[in-house]
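Note sheet for the following structure.
The values are calculated or read from the model by the stated rules, or taken from the named source; none is laboratory data. Keep in mind that what you see is a predicted model, and the values were worked out from it rather than measured. Cβ sites come from the backbone with ideal geometry, for glycine too, and all protein chains shown count toward neighbours. In case anyone asks, the SASA skips ligands and DNA or RNA and just uses the protein heavy atoms, side chains included. Shrake-Rupley method; radii C 1.70, N 1.55, O 1.52, S 1.80 Å.
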Amino acid sequence: MSVSTLEPTQTPQPPQPKHPERHWKDFFGFSTDHKVIAIQYFVVSFVFYLIAGAMATSIRVELATPDADFLGYENYNGVLTLHGTMMIFLWIVPAGAAFANYLIPLMIGAKDMAFPVLNGLAFWLVPPGGALLLLSLLAETPPSAGWTSYPPLSLMTGQVGQMMWILAVLLLGTSSILGGVNFVTTILKMRIKEMGLYDMPLFCWAMLATSMLILISTPVLAGALILLSFDLLAGTAFFNPTGGGDPIVYQHMFWFYSHPAVYIMILPVFGLISDILPVHARKPIFGYKAIAYSSLAIAFLGNIVWAHHMFTSGTPGWLRMFFMAATMVIAVPTGIKIFSWVATIWGGKLRLNSAMLFAIGFVSMFLVGGLSGVMVASVPFDIHVHDTYFIVAHFHYVLFGGSVFGIYAGIYHWYPKMVGRMLDETWGKVHFALTFVGFNLCFFPMHILGLQGMPRRVVQYDPAFADINRICTIGSIILAVSTLPFLFNAVYCWFWGEKALPNPWNALTLEWQTSSPPIIENFEEEPVLWSGPYDYGIDSEPEEDTRSVADLLAEVKAEM
Amino acid sequence: MQTTAETTQEHGAIAVEQAHGHGDHPDHRLFGMGVFLFAEAMIFLGLFAAYLTFRSVAEVWPPAGTPERELLLPGINTIILISSSFVMNRGNQAIKQDDVKGMQFWFGLTAALGAIFLAGQGYEYYTNTFGLTDNLFTSTFYVLTGFHGLHVMFGLSLILLVLLRSRTPGHYSSTSHFGIEASELYWHFVDVVWIVLFLILYIL
């Protein structure tokens, strides 16, 4: 199916089918192999994570003191805008696509994605988008209206930088849509014959829900950005009140994408966690169907709650009531997931390795973000904390404590499969400890800052907030340092790590039924679905074995 | 497990395989095309929703000073575009009978109708007495019809591509004609978008 493997077959009757070898150059060009594309996604998105992380650290260093003395007034808004935009569109969204690319075909026993060329194309839209965003920092006026780019602010902060921002987001959005088309088709159409929808690993369910969200909401953001660029360049006034336009319409269109975008970023991670916890707890997943359906429920509800970001934008009261209620309802499917995960590890034989630590860290940190999410869903509270550091704390608990912890858990879990070597556990645990401490030190005090009234997106603040801000900055530096052991570990083990067996964790899903790393078209022979994805610790022989040890030995001898 | 395996057969690869008869390589391209068109539809829905919101919150619509819109030419254009969809379907029917000549005739006619539609829209733009930046209505008018016009242009190129490819003998047959089905699906999509556009921009 993949073009790269269409080499001329010289021998008509090969006794053993020879698979072409993977060449390192494959990773640096246009490839149609889903595993190569996934690694490309991983590396590119991680590079942008480091860049955007460096930006975050410089923002925190700036905020260590109440005065604008590090980045200064000129650079702060640009760095802040690019930090948010890159973390979302160039780190978490493509990292989700990386896992989806790697795991979906392997988990469903396919040779590749449904449309391999389209898949390569979708990836190759990402680096230009990222380059454009980085270049926009060099424009005379970098994009400085925040990642939301609300008009009229975004129409007043300089044309060139803002237009580069729009083009970059359009490119990255297109990439995301093309990926979504591929994932939906692959999951629905390419499973091995024996695998029904309810035999799929939960990651596939999560990606099905994610892809639907991408297909429903991303195009609307594209529509908003098209109109915004007309306002910016052609002098129309769709969102410009001075010409009779309505900036609130932009907010509606923007959040129609950007609220679901939260679920586009967290649902894949929900899927990863549902696949990691049972393996390392050696227990079946608790409530397979509940977790699968709750992903779909979250995808549906995620589409009808966007205006809770606009409670202070003059949204009429009755509309606020609807969006408040709908938003709170999302806590139900999310709660179902949390309880199912806790019930999964309850009483299990836990292996507390790096993957499991990050997975448990994910559940507990995401819970904090989820609870503060219910708080800000209520209109009176939200009006109080809108645009304060409480919101900053809330969404970092969801996107860092949630998504990033989950992505790390996924990397520790599947690295042996992708690379063929094990990651070092000691360094992994150091990484987890530093991340966990740094993250909480950096973001938990922000709740208090917000309740005390410190506004977000400011470079200069009241000296009364200085002490707590200094704690946050110390946390952010620990967080920055925490990436070093991971980087060292990942690079070192790529070359010199301990060789990984095909199934180092004794897992049941299909990706562990092939070599590590898998051969070019994934499976030597069509994989066999001999158990459900999570049938751990279930005795396949229900009857009591009454034979004695001597009998058993005799049987084994007879077979020899 | 047996029950779930049975239910899959309905939406699994097997059904597609049987329907298309492509041997052991089930063809998912038309399905993927449908999924992609769903995303395309969402862009238009977003733009329509923006237009309707502008309209509903405005005190006077269209804003004062907007010239009266002419209905005759766009009406004729609408009829031309809708009929082209039916014409195009005859082409698909023809290829199912392995009638390449017939397919070429109907697709050629569709392309001509599409070109007439685009020319009519260009003429309308040229004779309009209002410009892009006059007011909120004229801006949305040009952006919506222009965005749709781009899609018509793309659909037209797809049809011309099919016609070009059909010159190779045996390229399309009753069992293998994805290009024909895909371009037809796309054309119908563009057609349906126009009907909604015409209703909300001209009639409403």
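Some points to look at:
- Where the Cα pairs of chain B fall when distances are cut into 5 Å bins, in %: 1, 7, 13, 16, 15, 13, 10, 8, 7, 5, 3, 2, 0, 0
- Fully extended contour minus Cα-Cα distance, from A:Val47 to A:Ala325, at 0.36 nm per residue: 96.1 nm
- Degrees, to the nearest 10: A:126-136 long Cα axis against longest axis of chain A: 30
- ³J(HN,Hα), Karplus 6.51/-1.76/1.60, whole Hz, each residue of region A:510-521, x for Gly, Pro: 5, 4, 8, 8, 10, 5, 10, x, x, 5, 4, 9
- Averaged per residue, region A:26-536 has 34 square angstrom of accessible surface, using a 1.4 angstrom probe with ligands and nucleic acids left out.
- Applied to region A:163-179, the Karplus parametrisation 6.51 cos²θ - 1.76 cosθ + 1.60 on θ = phi - 60° returns per-residue 3J(HN,Hα) values of 5, 4, 4, 4, 4, 4, 5, 4, 4, 5, x, 4, 4, 5, 5, 4, x Hz, with x for Gly and Pro.
- Among the residues of A:213-226, the average count of other protein chain beta-carbon atoms within 10 Å of the residue beta-carbon is 5.
- Shielding by partners for peptide A:172-181, expressed as the average number of C-beta atoms from other protein chains within 10 Å of each residue's C-beta, is 2.
- Percentage, to the nearest whole number, of Cα pairs in region B:88-204 over 26 Å apart: 31
- Cα shape, the protein assembly as shown, gyration tensor, a/c 1.5 rule: oblate
- Taking amide hydrogens as placed 1.01 Å from N in the peptide plane, the amide H of A:Thr388 sits under 5 Å from those of A:Arg456, each at least 5 positions away in sequence or on another chain.
- Helix-derived mean residue ellipticity, 222 nm - over the protein assembly as shown, DSSP H n ≥ 4, -39500 (n - 2.57), to 500: -22500 deg cm²/dmol
- Our coupling estimate for region B:82-89, obtained by passing each phi through the Karplus curve with A = 6.51, B = -1.76, C = 1.60 and θ = phi - 60°, is 5, 5, 4, 5, 5, 4, 5, 4 Hz, Gly and Pro reported as x.
- Computed over region B:28-203: relative contact order in percent, which uses C-alpha pairs under 8 Å that are six or more apart: 31
- Counting, for every residue in B:132-139, the Cβ atoms of other protein chains within 10 Å of its Cβ and taking the mean gives 5.
- A Förster radius of 22 Å combined with the Cβ-Cβ distance from A:Lys25 to A:Val117 puts the calculated FRET efficiency at roughly 0.75.
- In region A:30-127, the inverse of the mean reciprocal separation of distinct Cα atoms equals 14.9 Å; this is its Kirkwood hydrodynamic radius.
- For A:Arg421, residues with placed amide H under 5 Å, excluding near neighbours: A:Ala500
- Counting only protein heavy atoms and a probe of 1.4 Å, the accessible surface of chain A is 68% carbon and sulfur.
- Cα gyration tensor shape for region A:330-478, rounded if a/c is under 1.5, else prolate or oblate: oblate
- With the highest mean first, a sort of the peptides B:190-196, A:500-506 on other beta-carbon atoms found within 10 angstrom per residue produces B:190-196, A:500-506.
- Here the spin labels are modelled as points 7 Å beyond Cα on the Cα-Cβ line, and at A:Glu524 and A:Gln452 they lie 6.4 nm apart.
- Leaving ligands and nucleic acids aside, the B/A contact buries around 2900 square angstrom of accessible area in total at a 1.4 Å probe radius.
- Between region B:56-85 and region A:46-97, the alpha-carbon center distance in angstrom: 47
- Helix axis angle, A:34-62 relative to chain A longest principal axis, alpha carbon, degrees: 40
- Added length on full extension, which subtracts the Cα-Cα distance from 0.36 nm per residue, B:Thr175 to B:Ala49: 41.3 nm
- Atom-type composition of the exposed protein surface of region B:28-203 places 67 percent of the accessible area on carbon and sulfur (1.4 angstrom probe).
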